[in-house]
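The next block holds one structure in the form of structure tokens; read it before the comments.
None of the figures in this text is laboratory data; all of them are computed from the coordinates on show. Since this is a predicted model, take the numbers as computed values, not measurements. Glycine also receives a Cβ, built like all others from the backbone with ideal geometry; neighbour counts cover every protein chain displayed.
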Amino acid sequence: MSRDPRYDILFEPVQIGPVTAKNRFFQVPHCNGGGYRDPSAAAEMRRVKAEGGWGVLFTEQTEMHHSSEIAPYIELRLWDDEDIPIMAKMADAIHEHGALEGTELTYAGVNGPNLYTREIPLAPSAMPIRSYTSDPVSARAMTKQDIRDLYRWHRNACRRAKTAGIDLICLYAAHGHGVIQHFLSRATNQRNDEYGGSLENRARLMRELIEECRDEVGDSCGISLRLSLDETIGDLGFGNSEVRDLIEMHAELPDLWDLAHGTWADCSGPSRFKEEAAQQSLVEGIKALTPKPVVGVGRFTSPDVMVRQVKSGILDFIGCARPSIADPFIPRKIDEGRIEDIRECIGCNICISGDMTMSISRCTQNPTFMEEWRKGWHPEKIEAKGDSETVLVVGAGPAGLEAARALGMRGYQVVLAEAGTELGGRVARERKLPGLSAWGRVADYREYQLSQMPNVDIYLDNELGADDILEFGFEHVVLATGSRWRADGVARVHVVPPPNDDSLPVYTPDDLMDGKLPAGRVIVFDDDHYYMGGVVAELLAESGAEVTLLTPAARVSEWSNNTLEQGTIHARLAELGVTIVLNRALTRIEQGKVVSACSFSGQEDEIPCDAVVMVASRMGNDNLWRELSAREDEWETNGIKSIRLIGDAESPAPIAWATYAGHRYARELDTPDIGDALPFRREITQLKND
């Protein structure tokens, strides 16, 4: 197969100052949970993307000086010459396939609490640090000497980047995370000297920094500026009209304009709240203000949308972070005429949660993400099968589908048996809930891939019992039988069911997904704290119920802060008229009411209601596994070498955990037993001599 000519424009080379990108596919800076702790994992992840055809690949944000850092979050560092080898390893990996490598130099300013270095934070004006955790630390206003020092620190960082082989240096002034943005915004710049006041004055630091960096790198590196399109904080903020004025005033200053909307949550909002190309209205017309190339983002997954962005004169480069994680081979697949093989990002933002929780990131669609070096997993290649021939996969949810797909790629004869009438398991059900339609891509991608494999047979409406499985004689059986929501309220607050006089109907999310919607006054008790509580509250409010969301947490859908959607979820529920009750737990259900207690004092209160929806916890559907385990002495006589329980059936968790479990099972089948050895590689800090 060959490339469709209508996509030719995406493969045109584009000059960025002194360097040239081989095509328009531009992986913008994105965090990954690796940073300075797991640099080899990050380097190999990006090498694989370069192999996948990306023309430009950036690191995550790189802390360029020790006086401004964001611990405990784990990013890259370029504090001194000892950090150069890490950056060089990444550059070498990316250059291996002809891509340009860039790094995003960041001076966090008012966002950097300096919890690790214990240095006094510096910002345009004196004010409290604005970090995710509202650290009780304040920055002092930068003096003229501090500004001169800042320029020197940037020059040093640029020199180190140049030594490491970096092609592009991005100065970070977006998402509220960079000192340049802090000077540009009147919300954080209240100076009355030549660096404050008018836009020209507030832009002075930006101009001088770019000039300093260009002087340092000469013609060896391009210089880009990553700029927020709109701070979205009202009149004091750096708004879209000022952004346009700034670009027009400095049209030829950087070699490339990298445009990103507002806060990180504004820019990388989940598909539940933001469509593909959601930032287009903020970007349109900017390219006409500058002769330099422009890159923008918008969770681009469709090649046709990408082409429209270029042909309509909106963008020169198609900026991607999350789509490049879900499928590192998007450019190659478009180039080779394999559009249907693209593993589209679902916009769940579970990748971002890795950075927010200071752990290795993961992806719902791509279980190999950040395992390229640690486990040697390639997103498009897999080892041939081992000595066995046949595998039965029971359950066609995310874990079962991924296990069947990867086993099929390895060359096993696979039978996938699903008790229901459609593929997808939980995603087939959840995709019908408000805002979650894109999550169905988890099933759609795998269903298509399986349809192309002659060695995989799929049987729907086929519920198997233990006798069936023992009689079939498959060499290996993997049970991916999913989970169900508990109706008894057991989760975090209650480890045993709370009192219930059975006078009120109690529903679970499963009931609602089955079409059983309570009416009247409904209490949604959310002790799960991820997306489901907010989603079912939205569903019920839209159906006309009078909804109260009750949670023992301090915020609605509290864990979704890690996926950058918590504030938007709260706002959506408020708009729909949902009553939100925080810091209170359901303690018992009585006639016509729920009794709740303060999470801290235990003081009780009553809420009248007609029904309760428990969004508490899930239990694995492991009955079949238990029955087969009890008959283990029959396995060998029936030709069975192994039976495994995976995914939600073994341990309920977000969908990304299920696809990972299915992929891991397929990768490890018929491989040697490693005993107590680590199942992944890691990097160990080298001890310094005293």
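Quick notes on this structure:
- Among beta bridges that DSSP assigns inside the range 5-356, antiparallel share in %, nearest 5: 10 percent
- Förster radius 51 Å - calculated FRET efficiency between GLU194 and VAL305 (Cβ-Cβ, nearest 0.05): 0.75
- Phi to ³J(HN,Hα) by Karplus 6.51 cos²θ - 1.76 cosθ + 1.60 over the range 326-339, Hz, x for Gly, Pro: 4, 9, x, 9, 3, x, 4, 5, 5, 5, 8, x, 10, 4
- The chain - mean residue ellipticity at 222 nm from DSSP helices (-39,500 (n - 2.57) per run, n ≥ 4, rounded to 500): -8000 deg cm²/dmol
- Where the Cα pairs of the range 490-619 fall when distances are cut into 5 Å bins, in %: 2, 11, 23, 25, 22, 12, 3, 0
- Computed over the range 550-661, the range of Cα coordinates on each principal axis works out to 60, 37, 26 Å, biggest value leading.
- Once the gyration tensor of the Cα atoms in the range 5-356 is diagonalised, the equivalent ellipsoid follows with semi-axes of 30, 22, 20 Å, ordered largest first.
- Each pair of Cα atoms in the chain enters the Kirkwood radius, and Stokes-Einstein at 4 °C and 1.567 mPa s then converts it into a translational diffusion coefficient of 48 µm²/s.
- With neighbour counts taken as other beta-carbon atoms within 10 Å, the residues LEU450, LEU401, LEU624, LEU184 rank, fewest first, as LEU450, LEU624, LEU184, LEU401.
- Part-to-part distance (alpha-carbon centres) for the range 162-224 and the range 618-684, which is given in Å: 51 Å
- Taking label points 7 Å from Cα along the Cα-to-Cβ direction, LYS144 and ASP80 give a separation of 3.1 nm.
- Cα gyration tensor category, rounded, prolate or oblate, for the range 213-340 with a/c compared to 1.5: oblate
- Backbone N under 17 Å from the VAL137 label point (7 Å along Cα→Cβ), restricted to the range 152-192: 177-179
- Shape of the range 425-488, Cα gyration tensor, a/c cut at 1.5: oblate
- Taking the number of Cβ atoms within 10 Å of each Cβ as an exposure proxy, the fewest-first ranking of ARG441, ARG374 is ARG374, ARG441.
- Label-point separation, ALA677 to MET619 (7 Å along Cα→Cβ), nm: 4.0 nm
- In the range 5-356, taking the dipole from charged Cβ atoms about the Cα centre, the farthest positive-side position among GLY55, HIS261, SER68 is held by HIS261.
- Counting neighbouring beta carbons within 10 Å and listing from fewest to most, the residues GLU231, GLU402 come out as GLU231, GLU402.
- Centre separation in Å (Cα based) which lies between the range 454-495 and the range 567-608: 35 Å
- Pairwise centroid distance, computed over Cα atoms, of the range 42-63 with the range 347-376, Å: 14 Å
- Calculated log₁₀ intensity ratio I(q)/I(0) where the Debye formula runs over C-alpha points of the range 343-419, q = 0.12, 0.14 Å⁻¹: -0.43, -0.57
- Charges were assigned to the Cβ only: +1 to each Lys and Arg, -1 to each Asp and Glu. The resulting dipole of the range 490-619 about its Cα centre is roughly 240 debye.
- The modelled label-to-label distance for the pair MET1/ASN583, using points 7 Å beyond Cα in the direction of Cβ, is 5.6 nm.
- For the range 632-641, the Karplus equation 6.51 cos²θ - 1.76 cosθ + 1.60, evaluated at θ = phi - 60°, returns couplings of 4, 5, 8, 4, 4, 5, 9, x, 8, 8 Hz by residue, with Gly and Pro reported as x.
- Here the chain carries DSSP beta bridges of which approximately 20% are antiparallel, counting only pairs with both residues inside.
- Nearest-20 debye value, the chain charge dipole, Cβ charges on Lys, Arg, Asp, Glu: 1600 debye
- The residue among VAL547, ALA174, VAL456 whose Cα reaches farthest toward the positive pole of the charge dipole of the chain, with charges on the beta-carbon of Lys, Arg, Asp and Glu, is ALA174.
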